[in-house]
Amino acid sequence: MVEVEFGYFKKTVMKKTTKCIPIINKEGVPIGFIKRFYKNKAERILDHIFDEFFVNVEVMDANLNTVVKATENISFRSMYRSNWSIECKEKGRLIFEDQTKIKTNPTMRFIINDTTYYLKKGFADKRVRLEDSKQTIADITYDKIIPPATVSIEKRQGDLTLHLIACLYYIFMLRE
């Protein structure tokens, strides 16, 4: 039997905040922190003019060491479909890209070692699923629509870390 990993964090009221949000395990102990960041002042100004124009996310462990860092790639192609370069301490470098065809069913994709993973949300569903071609890796839910909502991550299987899953969901949530 595989042990289920669990973590949660509070959605912020303001999407543009750059404050560290603790990621907490089921025992109530902080296992990391997640935050949005801007690479420079110009990015921050443009993001305030054009809503959610730049979405960069950093996840740290409990000692504030960077574990996952996602930076949005800006190009003409990314104006249509956003994508991020992700530096993960355990998995190396990967690309996370928007694959949404219908706005009501957002889908994002990334590949690690020949395995393609999808982050999917159904219409009017509070649950977001992280899955590969065979199984559901993690379920991510929130308790209410209005912030500060509590986001719960339940990792069922696989070798992806809770920090990486939190980073992917935080990007997904900010783009929603």
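Of all residues in the range 80-112, those being touching a residue at least 12 places away in the same chain (Cβ under 8 Å), assigned to a strand (DSSP E or B) and open to solvent by 70 Å² or more (accessible area, probe 1.4 Å) number 3. When I153 is tested against the conditions (1) touching a helix residue (DSSP H, G or I) at 6+ places or on another chain (Cβ under 6 Å); (2) under 19 Å from W84 (Cα atoms), the lone failure is (2). Please enumerate the residues belonging to the range 50-66 that are open to solvent by 20 Å² or more (accessible area, probe 1.4 Å) and modelled with pLDDT of 85 or more. Matches in the range 50-66: E58, D61, A62, N63, L64, N65, T66. Annotation for the range 28-47: no member residue is farther than 16 Å from A166 by Cα, assigned to a strand (DSSP E or B) and either out of contact with any Lys or Arg (no Cβ under 9 Å at 6 or more places or on another chain) or in contact (Cβ under 8 Å) with a residue 40 or more places away in the chain (or both). Filtering K15, K19 for residues that are within 18 Å of the chain's Cα centre (by Cα), modelled with pLDDT under 90, closer than 22 Å to P147 by Cβ and in a loop (DSSP other than H, G, I, E, B) leaves a single hit, K15. If you go through the range 12-42 and keep only what is within 15 Å of V59 (Cβ to Cβ) and charged (D, E, K, R), you end up with K19, K35, R36. Restricting the search to the range 128-176, which residues are among the β-branched types (V, I, T), part of a strand (DSSP E or B) and open to solvent by 30 Å² or more (accessible area, probe 1.4 Å)? Of everything in the range 128-176, those that are among the β-branched types (V, I, T), part of a strand (DSSP E or B) and open to solvent by 30 Å² or more (accessible area, probe 1.4 Å) turn out to be T136, T141.
The values are calculated or read from the model by the stated rules, or taken from the named source; none is laboratory data. Since the model is a prediction, treat every value here as computed from it, not as a measurement. Reconstructed Cβ throughout: ideal geometry from the backbone, glycine too, with neighbour counts over all protein chains shown. All accessible areas refer to the heavy atoms of the entire protein, side chains included, with ligands and DNA or RNA removed. Shrake-Rupley method; radii C 1.70, N 1.55, O 1.52, S 1.80 Å.
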